[in-house]
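Comments concern the structure below.
Coordinate-derived values only; no laboratory data. Model, not experiment: these values are computed from the prediction. Cβ placement follows ideal geometry from the backbone for every residue including glycine, while neighbour counts extend to all protein chains displayed.
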2 protein chains.
Amino acid sequence: MSIASEDDILRLVERFFPSGHPALLLDRGDDCAVLRPGGPLAVTTDIFAEDSHFRRRYFTPFDIGFKSVAVNVSDVGASGAVPVGLSIGLTLTGHEDEAWLSGFCEGMKALCDRFSLALSGGDLARSSLLNICVTAWGELPEGLPRGLCRGVAREGDVVFLAGEVGLARLGLTLLEKTSLPKECAEVKEAWPRACAAHLRPVPLAEEGVALGRFALHHDAGGRIGLMDVSDGLARDLPRLLASRQSGLGADIALTDDILPEEVLRYASGAGISTADFAFEGGEDYALVGTCPEALWPELAGSLAGFGRRVSVLGRVRAGGITLNGRKPACAGFDHFSR
Amino acid sequence: MSIASEDDILRLVERFFPSGHPALLLDRGDDCAVLRPGGPLAVTTDIFAEDSHFRRRYFTPFDIGFKSVAVNVSDVGASGAVPVGLSIGLTLTGHEDEAWLSGFCEGMKALCDRFSLALSGGDLARSSLLNICVTAWGELPEGLPRGLCRGVAREGDVVFLAGEVGLARLGLTLLEKTSLPKECAEVKEAWPRACAAHLRPVPLAEEGVALGRFALHHDAGGRIGLMDVSDGLARDLPRLLASRQSGLGADIALTDDILPEEVLRYASGAGISTADFAFEGGEDYALVGTCPEALWPELAGSLAGFGRRVSVLGRVRAGGITLNGRKPACAGFDHFSR
């Protein structure tokens, strides 16, 4: 099968995503798809752009498809919503052949199958760089009409983490240094968890949904805050605490016992601060949250059994953020900072 | 105000799109926005990409913002759904200053205000070319759970058009020939409707909604077909008729009395076929539909009063498509055709 027209691409997508998903009243192929009405709908849009979010040099087409969906599903899960479907705006360069497109679709499909997601449609365009813009949605229970949000923390609340931080930054750091395919393969072999975290992050959507259910039954006051760590704790923690408006900070401890072994090994070899490295590292798609101290033991129980590390990072307090008892070294990532 | 960070851009967007839209249970600023549950939701995604869909040379920032939303609202309206909101994946080059971003937001806002749309959120990224990917949604009545679709035509049905075709192609043709700002201004002055059709198309969403309501009350059999003409009648008409599966075609008449004056003037001066030019022209965002002959008079009445031309283009028949009694010259536009 050669790719000579938009219709060829659509036929290829059809092979991987056959129509008939129960979440859709009308499938792809018309001006709009139609979503079955349900509870409140959590919606997010994330761009995954070549040379800004990924390099073709070390991302396989599968990785690109996988991660472009994963970063969106992460946001949906972090709202406490059950991920349901997505649409995709796919800007190609025109040089992608059938093998490339098949790999890309396989990667998307692997993530979609993991969470039973519908592909409701999208659009194709052509430009000089790849650009994948996904909009994903999920269903919230009627009793949780705003989902799990930021900005509900108070002094003394527990700051918790589901998943790990620092691994994706390590993967990025190491893969960026490679140029030949052989070097890239060596890095992937020596640092498998770091590379996987950067290339194919599996979002903690099940954990987010579990927290949503927990909030529905145990948190009448709406005091559980949650978000995913996409830009790094350094940038995301102030957002979770709504620091600018609330004046809240937190005392955070990123100690060796809760940091990934590969991050410890790398930082020790490079002679840098493990805690700062992990605190500033983005794209781990861990979940960071706040809750009243009294809720913590039971909340922690609701996060058990998913196979991810669950940690207490510290306590919310008035004033700034401290990391291991001192001021953090610097802020996180910004596409437009100068 | 200078643009030195993502937060600066978000603050600028906030100025144009204050929070508090009634369609949102949770506004921008969290991992997800939350949409108020309603009827079935029609969803569409369209990319608007630099040098593929627009040139900065003759599109103002306002035009870019306006059209990137308009092309999506057109799809929602063509489903018979009331447009409600959108999210945007905005890939900038990093060279856009406050004036540019303000113009862009003003253009988006002009279209959003026209249809009372919510901006639920989005994402920012950076690349070498502008790329705007919008996902828009609208609400369908419960009794029209798939909206207005393609592929419901039968032999003898009326093929109708709301709006005009050929103008946007003319605008594109003329603007592409300009290089200096002065030339561009002259073209805009000499061919105002053609340029406006290419730069700032106003979607026929009210007409689509009116047809949806009409279908709800008068079309128990689901026999009204509708779509917007984004790629030109040459490509879109076979899709409306589902020609490949149904084997249906149509006898179409694009006569001078239903074609725009500027298109007639240009084609006559250039010595080309007006009908072919208009038949192949994309991006007019007119609505093309099919309905049983018996429904047509009343359906036409439901389309009156919106200030757009409503025309009968012809009749559905078995076999191919004819244009003014002959085979059409060629097919429409494809981003990936070779």
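Quick notes on this one:
- Derived from the Cα gyration tensor, the three semi-axes of the equivalent ellipsoid of the protein assembly as shown are 47, 26, 23 Å, largest first.
- With a threshold of 26 Å on the Cα-Cα distance, the over-threshold entries among B:LYS109/B:LYS177; B:LYS109/B:LYS188; B:LYS67/B:LYS327; B:LYS67/B:LYS177; A:LYS109/A:LYS188; A:LYS67/A:LYS182 are B:LYS109/B:LYS177; B:LYS67/B:LYS327.
- Calculated [222 nm] ellipticity per residue, helices only, for chain A: -11000 deg cm²/dmol; basis is -39500 (n - 2.57) per DSSP H run with n ≥ 4, divided by all residues, nearest 500.
- Radius, Kirkwood style, for the stretch A:256-338 when every pair of distinct Cα atoms is counted (Å): 15.2
- The ellipsoid that matches the Cα gyration tensor of the stretch A:82-123 has semi-axes, each √(5λ) in whole angstrom, of 21, 13, 6, with the longest given first.
- Quotient of Cα Rg and 2.2 N^0.38 Å for the stretch A:89-148, N being how many residues it contains: 1.46
- Over all directions, the projected convex hull of the C-alpha atoms in the stretch A:51-185 averages 10.9 nm² in area.
- Shown here is the pair-distance distribution of chain B: with all Cα-Cα distances grouped in 20 Å bins from zero up to the longest one, the shares run 31, 56, 13, 0 percent.
- Projected label points at B:SER19 and A:ARG11, each 7 Å from Cα along the beta carbon direction, are separated by 4.9 nanometres.
- Kyte-Doolittle mean at least -0.5, axial Cα span of 18 Å or more - DSSP H helices of chain B: B:61-78, B:98-114, B:205-218
- A:ARG56/B:ALA304 FRET efficiency (R0 56 Å; Cβ-Cβ; nearest 0.05): 0.55
- Between B:GLY143, B:GLY166, B:GLY77, the GNM of chain B built on Cα springs shorter than 10 angstrom shows B:GLY143 fluctuating the most.
- Residue-normalised convex hull volume from the C-alpha trace of the stretch B:158-323: 108 Å³ per residue.
- Here the label points at A:VAL312 and B:LYS182, each 7 Å from Cα along the C-beta direction, are separated by 7.5 nm in the simple model.
- Here the gap between A:GLU261 and A:GLN245, fully extended at 0.36 nm per residue and compared with their Cα-Cα distance, gives a gain of 2.1 nm.
- Its relative contact order, with pairs defined as Cα atoms under 8 Å and 6+ residues apart, puts chain A at 22 percent.
- Each principal axis of the stretch B:33-108 carries a Cα extent, and these read 41, 24, 17 Å when sorted largest first.
- Of A:CYS184, A:CYS32, A:CYS112, the one that fluctuates the most in a GNM where chain A has Cα springs shorter than 10 Å: A:CYS32
- In a simple Cβ point-charge model (Lys, Arg +1; Asp, Glu -1; nothing else charged), the stretch A:158-323 has a dipole of about 260 debye relative to its Cα centre.
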